[in-house]
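Report on one structure; see the data block that follows.
Quick note: the coordinates plus some simple rules give every number you see, no bench work behind them. Keep in mind it's a predicted model, so treat the numbers as computed, not measured. All Cβ positions, even for glycine, are placed from backbone atoms using ideal geometry, and neighbour counts span all protein chains on display.
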Amino acid sequence: MQNPFLLKKLQDILSHFPIPQSISHCAPIHVGHINDSYWVYLEQQAVYVLQRINEGVFPDPESLGTNLQQLSACMKAWSERQYPLDHKRRYLQMIRSNSGKNYHQAPSGNWRLMVAIQDSISFDVVENADQAYEAGRLFGEFWVALSALPREQIVPTIHRFHDLSWRWEQLQEAFSAADDAKKMQAEPWMKDAEGLWRHLAPTIEAMESGALPQRIVHNDAKLSNALFDKNTHKGLCVIDLDTVMPGYVLYDFGDMVRSMCCPLAEDSTALDELSCDMQTFEALAKGYLEACATELTAIEIQSLAQAGTYMSLIMGMRFLADYLNGNRYYKTAYPDHNLDRARNQITLALDLHSREKQLHSTLQGVIQK
Ligand code: GN1
Ligand code: MG
């Protein structure tokens, strides 16, 4: 790391954790819209990941830490059974601070430390169908492994996080309060969003009535949250567990569809090129269903065809609301960044909506094989 003041600050924070103090350097990890993350190097090797938790988004570090410890313990037990020869690279291990807490409270914020997964790599944008297959398998295995944990033991970290109707209400409020210039930009996308939300009403109803069962799911199952072995590119484990909480499998499957089946970044402005690649979708469905189909109910399997529409739409609504609110939630690189993300995700939601029949038959084909 170039900046000696930052290194000094991070070293001060690291001195509150029971790790060797011979840190050679730290380097920022430039992914994620919410927390600030750094690699921590001992000699030439990245051995830990240090993170400052975004307090605006996660105001309760106690519950967050307790959740993570429980998830980690559950994944550890599962990995030791499932992958006895390579279990250490299959789950995130949190390191308690010297005072035994799940995080360290410093004037600069709440910091936590975890063990880095060795010889791993992640991808922001999908490069081939095998990656989608592997990531699908990882997120499918993940919720099955966590079904050993009683749901009520995990505290929801963000209220109504993936509740589409509530996000639609928030978006309408943001729209009403915005200035005219922003309203003009947002208006056509609001219309599309509303149409898609209405179309998804039966799925929302299946959640509200309890027809769709709740599971402990990841809730941020995008490609960049899956780690792969650096050499073989086989899936290793999933990361970024802050929003792991009760929800529906369609949240995770939908996040995978939106982040893997279209080979463009979530903020790409090449709207004409945004569409779901069916070969990648099939590979993703195969990986996911191989890992968890036997645990899914018929209605859950049915819901997967709409999962991508649902999750692209909810991201589109959240990005658009943040644009209208003055970019207070997501990190942005330029003023219209959230608007570009919203356009991208709503365009993708429209494409996925137009393909739902095709997605359904592909899913059925995979199940029957
Ligand atoms: C945020 O921090 P990051 O990039 O993993 C967001 C997710 C969105 C995602 C969009 C707590 O995740 O809900 O899917 O951005 N996390 C939170 O890429 O809001
Ligand atoms: Mg996240």
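When the chain is treated as a GNM with alpha-carbon contacts under 10 Å, the residue of S63, S108, S303 showing the greatest mean-square fluctuation is S108.
In the chain, the longest principal axis of the Cα atoms and the axis of helix 356-368 are about 60 degrees apart. The distance from the alpha carbon centre of the range 1-60 to that of the range 312-331 is 27 Å, rounded to a whole number. Remark: the Y330-H33 segment gains 106.4 nm on full extension, using 0.36 nm per residue and subtracting the alpha carbon distance. What is the angle, in °, between the Cα long axis of helix 129-146 and the longest principal axis of the Cα atoms in the chain? Nearest 10 is fine, range 0 to 90. Here the helix axis deviates by roughly 70 degrees. Fully extending the segment from Q172 to E43 would add 41.3 nm, taking 0.36 nm per residue of separation and subtracting the current Cα-Cα distance. For H233 and V125, the FRET efficiency from 1/(1 + (r/R0)^6), where r spans their Cβ atoms and R0 equals 22 Å, is about 0.90. Each part gets one Cα centre, and for the range 107-137 versus the range 260-299 those centres are 18 Å apart. Over the residues of the chain, the helix contribution to mean residue ellipticity at 222 nm works out to -16000 deg cm²/dmol, using -39500 (n - 2.57) for each DSSP H run of at least 4.
Checking every one of the GluC sites (Glu not before Pro) in the range 1-72 against DSSP loop status and a limit of 12 other Cβ atoms within 10 Å picks out E43, E55.
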